[in-house]
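**Q** Please read through the structure below; I'll follow up with questions.
The values are calculated or read from the model by the stated rules, or taken from the named source; none is laboratory data. Since the structure is predicted, the reported quantities are computational estimates derived from the model, not experimental observations. All Cβ positions, even for glycine, are placed from backbone atoms using ideal geometry, and neighbour counts span all protein chains on display.
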Amino acid sequence: MPHHILVADDDPHIREVICFALEKAGMKTLGVADGAAALQEIGRRAPDLVVLDIGMPEMDGLEVCRRLRHTSDVPVLFLSARDEEIDRILGLEMGGDDYVTKPFSPRELVARVNVILRRARPAAPEAADDRQFSHGKLTLAPASHAAAFDGTPLALTGIEFSILKGFLARPAHVLDRDAVMANAYAGKIHVADRTVDSHIRNIRAKLAAVGCVDAIETVHGVGFRLGRCG
């Protein structure tokens, strides 16, 4: 079954370019012009991923994502006409999976969408990763895309799950930013240091909310390592 992608952008030309690129890559798309329509369509039929413009009038993409996260963990790829660090950080902290700045390469956007989709969906049964990872009270089951701390389930995005899995696979190692993101992004996709930090901050916050205050430690000047998770 082809992936169903919802594209929300108030610029009809950009919607057309994105939809054409995604459909050429074998996906089905639906384009909407504003945030309210995006929420309405998601309520009607949950897509596999939402491409969401931050700068839409009336209800911007950040507000759409904030409302969406109350009821859904559908992956979100943000678009913005401004390469503003605060937009990127806010978007990721609200639960976005990635961020692309306009003008963008349609090929890069499709590549980023494919990465997010691979991380968000469990592998096919014949290729499923049936290993179980555990460290302290933290457990991950990749085949079912399930994570928990001391028995309490964790609602992680696909990217966050992959990052945490990378730490659990090498619990004694210090990982620099390149190594952290290699666990989450494939190919030659460039990811800014601030994007890495935002994902780490989100993981820490979600674990702290269930009682794990030492999930990921910062090794200054080097990178990150898994904490005790006790």
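**Q** Filter the range 145-174 down to the residues that are part of a strand (DSSP E or B) and surrounded by 22 or more Cβ atoms within 10 Å (Cβ to Cβ) and list them by number. Explain how you work it out, then say what you get.
**A** Of all residues in the range 145-174, those part of a strand (DSSP E or B) come to 146-149, 152-153.
Listed by number, the list holds a single entry, A147.
**Q** Evaluate the range 87-105: report whether one residue or more is within 26 Å of A21 (Cβ to Cβ), modelled with pLDDT of 90 or more and either in the same structural domain as C212 (by the TED database) or of a type in the set (G, A, S) (or both).
**A** Scanning the range 87-105, I find at least one residue that is within 26 Å of A21 (Cβ to Cβ), modelled with pLDDT of 90 or more and either in the same structural domain as C212 (by the TED database) or of a type in the set (G, A, S) (or both), so the answer is yes.
**Q** Starting from residues that are surrounded by 16 or more Cβ atoms within 10 Å (Cβ to Cβ) and under 16 Å from T218 (Cβ atoms), keep the ones in the range 180-193 and report whichever is modelled with the highest pLDDT.
**A** Out of the qualifying residues, it is V180.
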